[in-house]
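The values are calculated or read from the model by the stated rules, or taken from the named source; none is laboratory data. Computed from a prediction, not measured in an experiment: that's the story for all the values here. Cβ: placed from backbone, ideal geometry, glycine included. Neighbour counts: every protein chain shown.
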Amino acid sequence: MNNKLRILLDMDEVLNVFCKTILHEYNKDKGTNYDVSIIDKWEIPKELDGFWDYLTPELIENMPIKDGVKETLAKWKSKGYEIFIITGILDDEHYLNKIKWLHNVGIFEYIDDIIPTIYKHIISGSVMVEDNVEYLRKWKQENPNGLALLMTTHSNINRDISDEPIVRIKDWNEIDLVVDVLTRE
Ligand SMILES: [Mg+2]
């Protein structure tokens, strides 16, 4: 494989701690004590009525970043890899909130482009990291030589992907290792 990789990254649950952060606000306001493991599918369960109301611009701009993201992106950048973020957005404001988050957590400088789309399969790359199995499967169909990495989260942890052309990884330490192996001579 070409040493100059193009790496495509989802944002929510891949770069940031997404549902757990929203649920924390939800529990605080409602006086409940739900654990994020209740969100065991892509859809938010019915019990969590009004969940998305807690995804405010302020919260988006202040989401915690996952461990190892910054160090890994800095390393990839120094090796000359292209780093794209491919992320779904609701509107222009949401897009700006996400860009502000990249500045706030100090990784904006490592990102070559931020592409707002849910049609992730139209973007070609060497590697895609995503927590949605369907998006990854479609992307792999269009990018058969690419490596599709599934970030393990509460919503996909029980999902059997043994028949999928997808590799499961658990954290940024594993992403870093897998990408290193790809570029080994
Ligand atoms: Mg995601």
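Screening ILE118 on (1) closer than 21 Å to CYS19 by Cα; (2) modelled with pLDDT of 95 or more shows it passes everything except condition (2). Can TRP76 be described as outside any strand (DSSP E or B), among the aromatic types (Phe, Trp, Tyr), out of contact with any Pro (no Cβ under 6 Å at 6 or more places or on another chain) and within 16 Å of the ligand (Cβ to nearest atom)? In short, no.
Listed residues ASP53, ASP67; which is without any contact (Cβ under 8 Å) to a residue 12 or more places away in the chain, more than 15 Å from ILE99 (Cβ to Cβ) and in contact with a Phe, Trp or Tyr (Cβ under 9 Å, 6 or more places away or on another chain)?
Working: ASP67 fails: without any contact (Cβ under 8 Å) to a residue 12 or more places away in the chain.
None of the other options fit; the residue is ASP53.
Restricting the first member to the range 80-96 and to residues that are not assigned by TED's automatic domain parsing to the domain that holds ASP12, and the second to residues that are surrounded by fewer than 18 Cβ atoms within 10 Å (Cβ to Cβ), no beta-carbon pair is closer than 9 Å while six or more apart or on different chains.
Residues checked against (1) part of a helix (DSSP H, G or I); (2) more than 15 Å from the ligand (Cβ to nearest atom); (3) under 17 Å from the mean Cα position of the chain (by Cα):
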residue: HIS24; (1), (2), (3): yes, yes, no
residue: ASN33; (1), (2), (3): no, yes, no
residue: LYS41; (1), (2), (3): no, no, yes
residue: TRP52; (1), (2), (3): yes, no, no
residue: GLU58; (1), (2), (3): yes, yes, no
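If a residue has to be buried (at least 16 other Cβ atoms within 10 Å of the Cβ) and more than 17 Å from the chain's Cα centre (by Cα) to count, how many in the range 60-106 make the cut? Total meeting the criteria: 2. Can you tell me which residue in the range 1-30 is surrounded by the most Cβ atoms within 10 Å (Cβ to Cβ), limited to those that are of a type in the set (Asp, Glu) and outside the structural domain of ILE122 (by TED's automatic domain parsing)? Going through the qualifying residues, I end up with GLU25.
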